[in-house]
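**Q** Let me begin by handing over the structure; questions about it come next.
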Amino acid sequence: MGKCFSFASTRNQCYRYSFSYSGLKSRTTDLGDGTVMHCWVPRKHKPKKPTLIIIHGIGANAMWQWNDFVSPLISKFNLYVPDLVFFGESSTTRPERTESFQAECVMRTMEAHGVRRMSVVGLSYGGFVAYSMAAQFPEAVERVVIGCAGVCLEDKDMEEGMFKVQSVEAATEILLPQTPQKMRELMRLSFYKPPKTMPSCFLNDFIDVLCTDYRQEKKELMLALHKDRKVSDLPKITQPTLIIWGEQDQIFPLELGHRLKRHLGEDAQLVVIKDVGHAINMERPKELYKHMKSFLIESLPSPKHENNSNNRKAD
């Protein structure tokens with residue numbers, strides 16, 4: 001008998017309704033070079049509001065990682081939530097797999113929507129992309145939030161035992177799970193307090209619906225992150241930057257957060273959330289939002305000062 005109910009598909013539809021109900025609309029942009037980018041965008045861009053891009057990590061699509069944040073953020077920002085290339089409804093026929101290519105695709109998508117100035121938040125893999133956006137497009141990116149993203153990792157770190165896994169190949173088998181066993185392993189590494197019961201039927205459904213498309217391409221994205229990586233080659237961004245890390249992160253250990261803070265110096269601040277793992281957006285969404293709000297909203301100049309000094313036309 002065929003499968004008659006899919007929890008993952010149903011949840012995906014619920015998230016889609018939630019995003020729409022919050023005031024976003026689904027839009028797909030053809031960049032004209034074999035690349036198609038999907039993004040949730042405001043129903044109406046309001047010039048007097050600042051603009052914020054929130055970028056997901058490795059996983060199903062943007063909705064699964066950002067659903068808890070859309071409603072509070074959309075009241076403060078023109079909010080844009082893209083699916084990165086090979087996630088959700090975004091794809092490319094081009095061979096590039098670097099985070100700098102992802103950053104270029106996101107920026108071109110924003111330009112297609114008339115957005116020229118923005119702040120950027122990126123979690124995990126999305127943090128690599130957010131950092132690259134800030135480095136490549138300093139005139140466009142105003143503030144940066146990097147969450148649990150090992151942008152300062154070096155290719156030698158894995159060989160020297162920093163990570164729980166012994167090779168990039170082993171990491172991809174966990175981060176792109178294809179069996180319930182690997183999915184449970186991913187949960188144990190991602191959460192400080194992982195769910196106690198995870199039925200195989202539910203995990204298989206999730207894998208079938210959300211973890212099978214573009215698996216080889218996603219693997220290539222992860223391999224590109226690690227290859228020949230050295231902190232000495234990492235550009236130093238100059239935008240005000242908030243680094244947020246889970247104290248018990250087993251995917252990207254906290255040492256990488258301290259390393260990034262040392263690399264950026266006074267332009268960055270590091271916040272460590274206690275008793276939480278890598279999935280800070282799922283385990284501690286309220287605390288993560290509190291820090292994002294303090295950095296992105298409460299430290300903004302007043303609208304009067306902003307209009308006088310910047311004259312934001314088509315932000």
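The values are calculated or read from the model by the stated rules, or taken from the named source; none is laboratory data. The shown structure was predicted, so the numbers you read here are calculated from the model rather than taken from an experiment. All Cβ positions, glycine included, derive from the backbone under ideal geometry; neighbour counts span all protein chains shown.
**Q** What residue, of 145, 209, is closer than 24 Å to residue 293 by Cα and either in contact (Cβ under 8 Å) with a residue 40 or more places away in the chain or in a helix (DSSP H, G or I) (or both)? Step through it out loud before you land on a result.
**A** Values: 209 fails: closer than 24 Å to residue 293 by Cα.
Only one candidate passes the filter, namely 145.
**Q** Restricting attention to the range 158-211, which residues are under 18 Å from residue 148 (Cα atoms) and aromatic (Phe, Trp, Tyr)?
**A** If the condition is that a residue be under 18 Å from residue 148 (Cα atoms) and aromatic (Phe, Trp, Tyr), then 163, 191, 192 are the ones that fit.
**Q** May I ask you to verify whether residue 271 is under 15 Å from residue 124 (Cβ atoms), modelled with pLDDT of 95 or more and either touching a helix residue (DSSP H, G or I) at 6+ places or on another chain (Cβ under 8 Å) or not in a helix (DSSP H, G or I) (or both)?
**A** Criteria not met by residue 271.
**Q** I'm trying to understand the selection: among the residues of the range 161-173, which are aliphatic (A, V, I, L, M) and either free of Cβ contacts under 8 Å to residues at least 12 places away in the same chain or surrounded by fewer than 20 Cβ atoms within 10 Å (Cβ to Cβ) (or both)? If you could, list the steps in order and put the result at the bottom.
**A** Our first condition is that a residue be aliphatic (A, V, I, L, M); within the range 161-173, this holds for 162, 165, 168, 170-171.
The answer is 162, 165, 168, 170.
**Q** Run down 132, 124, 119 and say which single residue is at positive phi and at pLDDT 95 or above. Walk me through how you get there before you give the answer.
**A** On the way: 132 fails: at positive phi; 119 fails: at positive phi.
Result of the check over 132, 124, 119: 124.
**Q** Which residues, counting only those in the range 1-32, are closer than 29 Å to residue 220 by Cα, of a type outside the set (Gly, Ala, Ser) and touching a strand residue (DSSP E or B) at 6+ places or on another chain (Cβ under 8 Å)?
**A** 16, 27, 28, 29, 30, 31
**Q** Here's something else I'd like to know. Would you check if there is a residue in the range 160-177 being in contact with a Lys or Arg (Cβ under 6 Å, 6 or more places away or on another chain) and polar (S, T, N, Q)?
**A** Among the residues of the range 160-177, at least one is in contact with a Lys or Arg (Cβ under 6 Å, 6 or more places away or on another chain) and polar (S, T, N, Q), which makes the answer yes.
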